[in-house]
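First the structure, in the form of structure tokens, and then the observations on it.
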Amino acid sequence: MFSDIYFRLLLEVMGKDPNIKKIPSLRLDGEKNSNLNSVVNFHRLIKSIYEQCPDSSIGLEFGRQIKPINACDFSRLIATSKDVSSGLDALVDFYPRLNLKPFPLLYKNEKHISIALCFPYEKAIGMAHKRFCSETFYSFCLNLLCDVVIEPINAVKLYLDFPKPSYASEYQALFKCEVEFDAPLSMVVFDRSIENLPLTSANECLHEVYLTKAHEAWQQVKRQQNFQYRTLSQLMRDFPASFNGQYLADALNISPRGLQKRLSAEGCSYSLMCQVVRKELVKVCLYQRHYELEDVAACLGFQSQGSFRKFFKAHFGLKAQLPDLTKLERLEQA
């Protein structure tokens, strides 16, 4: 599903940046794995950018250049949705299938719609790469809303889980909302009143065509993905139900024993996958969804508050305290 349009567009943006002096060699072998090769090339370009210019703002510029209706079938699937809510649902449903680093999670409460970004697929993702992913994803969301919705739409607030860069003023100019850096979780927040706004490019027939093509492409792509990636995606998508081994095995169309064997063959285990996902979801539960601590523990499959606190301190430091949610609670009260 990942189109080579994206890495070719990134190549074009890199060519116009005076700070980028060198383009890395790209992998262009065969059509059989062309989708994954496009992803490899894309990540190779990102790595090269920040090796040459660690404080590059190219993620914002790349995001500006992505026009949903003109990009690829994935983008057209979103743009032909009937309204903002359906478009965002399609975005977060299919984005993890592109073999990219972030996993978006959509949440709605009475006042707001928010999309958080998690990074479960690697033990350690570079801060520059994370910055690029966040800039590109949220710029894409903004382009989608601006291009296919008549009414002007601005975010309520943008949270970013990395330090304030030297070009921070560009965020304010682009997103036209308050931006908070060094947040516990990257997240954009919109007023919920936008969800029923119609898309000017809505087309029920074309949407069904692109939906069918997306599912067909996914059937091909998932055969090329490693099993860890598919397991992590399923755990993230279906929590809390996915913390049940039988449920996860059924969702992946495999037996529980087969699930363990497949993961073991790739040097991991179901237990380890759950721990990786819990590290990401604990931030989502606390900061995006504002769950009570008792609910967080249950949602992530812990048997007691004690085991949850032990997990939290083990993964976030011995001196870590359970988060103070007052900053985000102010947003809820706005």
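The values are calculated or read from the model by the stated rules, or taken from the named source; none is laboratory data. Note that the structure is a prediction, hence the values are computed from the model and not measured. Cβ sites come from the backbone with ideal geometry, for glycine too, and all protein chains shown count toward neighbours. Each accessible area value is taken on the protein alone, full model and side chains, heavy atoms only, with ligands, DNA and RNA left out. Shrake-Rupley method; radii C 1.70, N 1.55, O 1.52, S 1.80 Å.
The mean of 1/r over all distinct Cα pairs in the chain, once inverted, gives the Kirkwood hydrodynamic radius of 21.0 Å.
Between Asn109 and Val40, the simple spin-label model (points 7 angstrom out along Cα→Cβ) gives 4.4 nm. Taking amide H positions as modeled 1.01 Å from N, with prolines and chain starts lacking one, the residues under 5 Å from Val149 and 5 or more places away or on another chain are Thr200.
Accessible surface comparison of Cys53, Cys274, probe 1.4 Å, protein chains only, largest first: the order is Cys53, Cys274. Backbone geometry of the stretch 175-189 corresponds, through the Karplus equation with coefficients 6.51, -1.76 and 1.60 at θ = phi - 60°, to 3J(HN,Hα) couplings of 8, 6, 8, 5, 10, 10, 8, 6, 7, x, 8, 6, 6, 10, 10 Hz, x marking Gly and Pro. Across the stretch 154-169, rounded Karplus estimates of 3J(HN,Hα) from the backbone phi angles (6.51 cos²θ - 1.76 cosθ + 1.60, θ = phi - 60°) give 10, 6, 6, 7, 10, 9, 10, 8, 9, x, 5, x, 5, 9, 4, 4 Hz, Gly and Pro being marked x.
Counted residue by residue at 0.36 nm each, then reduced by the alpha carbon distance between them, the extension gain from Ile5 to Ala265 reaches 90.2 nm. Amide hydrogen proximity for Asp17: with H placed 1.01 Å from N in the peptide plane, no residue at 5 or more positions away or on another chain lies under 5 Å. In this rough spin-label picture, where each label sits 7 Å from Cα along the Cβ direction, the Phe162-Gln220 distance is 3.2 nm. Backbone amide hydrogens, once placed in the peptide plane, bring His112 within less than 5 Å of Arg192, excluding anything fewer than 5 places away on its chain. Here the chain has 50 percent of its accessible surface on carbon and sulfur atoms, given a 1.4 Å probe and all protein chains in place. Working note: Karplus 6.51/-1.76/1.60 with θ = phi - 60° gives the stretch 125-139 the couplings 9, x, 4, 5, 5, 4, 4, 4, 4, 5, 4, 5, 5, 6, 5 Hz, where Gly and Pro are set to x. For the residue pairs Lys47/Lys313; Lys108/Lys157; Lys82/Lys279, the alpha carbons lie more than 23 Å apart in Lys47/Lys313; Lys82/Lys279. In straight-distance terms, cross-link reach from Lys123 covers every one of the aspartates and glutamates whose alpha-carbon lies under 12 Å from its own, apart from those fewer than eight places away in the same chain; here that gives Glu280. Accessible area per residue (1.4 Å probe, heavy atoms of protein chains only) ranks Glu195, Glu110 as Glu110, Glu195, with the largest value leading.
Accessible area per residue for the chain, computed on protein heavy atoms with a 1.4 Å probe, is 47 Å².
Projecting label points 7 angstrom from Cα along Cα→Cβ for Glu122 and Gln246 puts them 3.8 nm apart.
Estimated from helices alone, the mean residue ellipticity of the chain at 222 nm is -16500 deg cm²/dmol (sum of -39500 (n - 2.57) over DSSP H runs with n ≥ 4, per residue). Relative to the present Cα-Cα distance, how much length would full extension add between Ala298 and Ser25 at 0.36 nm per residue of separation? Net length gain for the segment: 93.5 nm.
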